[in-house]
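Notes for the one structure printed next.
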Amino acid sequence: MKYAFIALLLLTSSFAHAAVRSVRTKNGCQFFDETKNGIPRTDILWSGSCPNGKADGTGYIEYFDAEDPGQAITFRQYFEFKNGILSNPYFGFASFGTVEQDLIITQLWKAPNTLLTDKECSKIPQCRKILNAVKSDKGLKPDSSTLKTNKSNGGGAITKPAYNFMKSSEGYSTTCDEATLVAALNNKMAELNPELHSEGMCLPAKAGAKVFYFGITLIEKSCPPDMYSQVADMEDLRARLKEALDIINFSCNDTN
């Protein structure tokens, strides 16, 4: 479960500025990738129908990140195609560990980089089709035996903000379980999405610092210190916050 926060945060910066390209899956189905969101060219599967060798209808593309065999991650992206061409601007994303099956993250996007909450998506017919596809995917059921919940809140020291602009993004106390923490982080990312994808270096770096600071303090206020390692890699989160602060120090004239 501790990789859930990192996988979720990395997604905000994973959109590659690539041209539309043709992709053929391992099961022989072709589609055109217009999303610019880093779908690999090889070793992928399409779950939906494939008349005449073209992806069609609603389904998901599945691929893997197995650089560390002990913590391999499965990625699924949910699309709607017509004859191999995207027919729906909305798509879903899910990732889960092949070892720790409770590592489940789901998100909903409007291409190329607008993050939506479930509530926002449910009000839009095209997005709702994708939301339903994600919710009906039986492969996303966590192993209940590995889920850990702790209703006790915090107890450890709270990280202080490096700059005043970070104060408004301090996390809050909630239930210390993956679903609740990831949902809270997902909402914060949706709130800051325009800033995360704005031009230049300063504003995206400030938004990134806010997101990482929120994630760190959310965990600190919600979980006892002895549970930190079960919900997040705090060392990595702090390192990424430092990277964002280094960019701010370099590129921002105003750090308030």
Considering residues of the range 219-236 that are assigned to a helix (DSSP H, G or I) and in contact with a Phe, Trp or Tyr (Cβ under 7 Å, 6 or more places away or on another chain) only, the residue nearest to residue 187 (Cα to Cα): 219
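Of the residues 204, 194, which is within 18 Å of the chain's Cα centre (by Cα) and buried (at least 16 other Cβ atoms within 10 Å of the Cβ)? Talk me through it step by step, then tell me what you get.
Values: 194 fails: buried (at least 16 other Cβ atoms within 10 Å of the Cβ).
Result of the check over 204, 194: 204.
For the range 188-207, check the following and say yes or no: at least one residue is of a type in the set (A, V, I, L, M, F, W, C) and over 22 Å from residue 115 (Cβ atoms). Walk me through how you get there before you give the answer.
From the range 188-207, those of a type in the set (A, V, I, L, M, F, W, C) are 189-190, 192, 196, 201-203, 205, 207; that's our starting set.
After this cut, where a residue has to be over 22 Å from residue 115 (Cβ atoms) as well, the list is none.
Scanning the range 188-207, I find no residue that is of a type in the set (A, V, I, L, M, F, W, C) and over 22 Å from residue 115 (Cβ atoms), so the answer is no.
Being surrounded by 16 or more Cβ atoms within 10 Å (Cβ to Cβ), modelled with pLDDT of 80 or more and in contact with a Leu (Cβ under 6 Å, 6 or more places away or on another chain) is the requirement here; does residue 171 meet it? First the steps, then the outcome.
Details: surrounded by 16 or more Cβ atoms within 10 Å (Cβ to Cβ): yes; modelled with pLDDT of 80 or more: yes; in contact with a Leu (Cβ under 6 Å, 6 or more places away or on another chain): yes.
When the stated conditions are applied, residue 171 passes them.
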Among the residues of the range 66-106, which ones are assigned to a loop (DSSP other than H, G, I, E, B) and at pLDDT 65 or above? 83, 84, 87, 88, 89
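Within the range 237-256, work out how many residues are charged (D, E, K, R), surrounded by fewer than 18 Cβ atoms within 10 Å (Cβ to Cβ) and assigned to a helix (DSSP H, G or I).
Initially, the range 237-256 is screened for residues charged (D, E, K, R), giving 238, 240, 242-243, 246, 254.
Narrowing the set further to residues that are surrounded by fewer than 18 Cβ atoms within 10 Å (Cβ to Cβ) leaves 238, 242-243, 246, 254.
Remaining after also requiring assigned to a helix (DSSP H, G or I): 238, 242-243, 246.
Of the residues in the range 237-256, 4 are charged (D, E, K, R), surrounded by fewer than 18 Cβ atoms within 10 Å (Cβ to Cβ) and assigned to a helix (DSSP H, G or I).
Somewhere in the range 175-183, is a residue assigned to a helix (DSSP H, G or I), closer than 27 Å to residue 121 by Cα and in contact with a Phe, Trp or Tyr (Cβ under 6 Å, 6 or more places away or on another chain)? Walk me through how you get there before you give the answer.
Narrowing the range 175-183 to residues assigned to a helix (DSSP H, G or I): 178-183.
After this cut, where a residue has to be closer than 27 Å to residue 121 by Cα as well, the list is 178-183.
Filter once more, keeping what is in contact with a Phe, Trp or Tyr (Cβ under 6 Å, 6 or more places away or on another chain): none.
No: zero hits.
The values are calculated or read from the model by the stated rules, or taken from the named source; none is laboratory data. Because the structure is predicted, anything quoted here is derived from the model rather than measured. Every residue, glycine among them, receives a Cβ derived from its backbone with ideal geometry; neighbour counts consider all protein chains shown.
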